[in-house]
1. If a residue must be in contact with a strand residue (DSSP E or B) (Cβ under 9 Å, 6 or more places away or on another chain), under 30 Å from residue 151 (Cβ atoms) and in a helix (DSSP H, G or I), how many such residues does region 168-194 contain?
2. Which pairs have Cβ atoms under 7 Å, sit 6 or more apart or on different chains, and link a residue in region 169-192 that is closer than 19 Å to residue 75 by Cα to one that is at pLDDT 95 or above and in a helix (DSSP H, G or I)?
3. What is the residue count in region 153-168 for residues that are touching a residue at least 12 places away in the same chain (Cβ under 8 Å) and more than 15 Å from the chain's Cα centre (by Cα)?
4. Looking only at helices (runs of 4 or more DSSP H) that fall completely inside region 243-315, which ones have 2 or more residues that are under 30 Å from residue 148 (Cα atoms), within 18 Å of the chain's Cα centre (by Cα) and in contact (Cβ under 8 Å) with a residue 60 or more places away in the chain?
5. Could you run through region 228-281 and say how many residues are surrounded by fewer than 18 Cβ atoms within 10 Å (Cβ to Cβ) and closer than 22 Å to residue 188 by Cα?
6. I'm told residue 97 meets every condition in (1) modelled with pLDDT under 90; (2) buried (at least 22 other Cβ atoms within 10 Å of the Cβ) except one. Can you identify the failing condition by its number?
7. From (1) within 23 Å of residue 40 (Cα to Cα); (2) surrounded by 19 or more Cβ atoms within 10 Å (Cβ to Cβ); (3) in contact with a strand residue (DSSP E or B) (Cβ under 7 Å, 6 or more places away or on another chain); (4) at pLDDT 95 or above, pick out the condition that doesn't hold for residue 79.
8. What residue, among those in region 112-152 that are without any contact (Cβ under 8 Å) to a residue 12 or more places away in the chain and in contact with a helix residue (DSSP H, G or I) (Cβ under 9 Å, 6 or more places away or on another chain), is surrounded by the fewest Cβ atoms within 10 Å (Cβ to Cβ)?
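The values are calculated or read from the model by the stated rules, or taken from the named source; none is laboratory data. Because the structure is predicted, anything quoted here is derived from the model rather than measured. Virtual Cβ from ideal backbone geometry, glycine too; neighbours counted across all protein chains shown.
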């Protein structure tokens, strides 16, 4: 077990050894799980995303970063960023990436640039309710409120629409760079919130050829409901105490359950110590993956420690090698 000095009133390692973490199972899929998600995917693919590229906002590491907007399900217009090779010619683009973000959204492209592979394009969407370019009236932007929005029903829960926002972002990227529109041409990256959304999105979309999920959330909800944390899961735990029937909704939004349907190569970076996303849920996502899988064990997630920069550099290198193998 990894242990760090901390001020949390609970153990962010949850008393688990690595061997125990690699044995955490996924909950079984509820009736109609696959049909539910395939129907949502089909609806998202019908959306005319109408992407629009804004002016260049920055240029670095071989790409020009533009603002971008596109339409998602329900007619919601979302924003984000689009990274294109400096040469600007679509013929130069060999790889494409959709990059999810953590809870709280993104205010700028940040460390997503440089991209995992050269000659790549990427879309960095802000899903509904999140970040500077994803705000939507009526949807809370604060994670503790966002994670509960529409949770009364599987058909209204905001997490389902956020997954659709990723599918529509992939559609927008394919429209802007037609060379990336075929099956298996895209890679997905997501951390924390974006990791959980990715696990839910990937099984149904053959445009993705490989994925990398870092400290993914939403894994094994029945277990998460028993584990105190400092992240959005604590808000769900509080809601569950007053509304125990919510477990039936959460079954359809379990990233570990969905991982059992993920057949594309996937690298998971999971932490031994994490106050915001309990490690057992992270490892449950990895353990359930149905296809080629890789595991990178991190000492900690959502927590600053002395060797963090070194470990981030190791993750970046591992991600580059992984995508080079499966998308190169």
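1. 7
2. Every condition considered, the pairs that remain are 171/45.
3. Of region 153-168, the ones touching a residue at least 12 places away in the same chain (Cβ under 8 Å) are 153-154, 157-168.
Still in the list and also more than 15 Å from the chain's Cα centre (by Cα): 153-154, 157.
Total satisfying the criteria: 3.
4. 255-259, 279-288
5. Residues that pass the stated criteria total 1.
6. Among (1) modelled with pLDDT under 90; (2) buried (at least 22 other Cβ atoms within 10 Å of the Cβ), the lone unmet condition for residue 97 is (1).
7. (2)
8. First pass over region 112-152, keeping only residues without any contact (Cβ under 8 Å) to a residue 12 or more places away in the chain: 135, 137-138, 140, 142, 150.
Still in the list and also in contact with a helix residue (DSSP H, G or I) (Cβ under 9 Å, 6 or more places away or on another chain): 140, 150.
Working: 140: 15, 150: 17.
Among residues in region 112-152 that are without any contact (Cβ under 8 Å) to a residue 12 or more places away in the chain and in contact with a helix residue (DSSP H, G or I) (Cβ under 9 Å, 6 or more places away or on another chain), the one surrounded by the fewest Cβ atoms within 10 Å (Cβ to Cβ) is 140.
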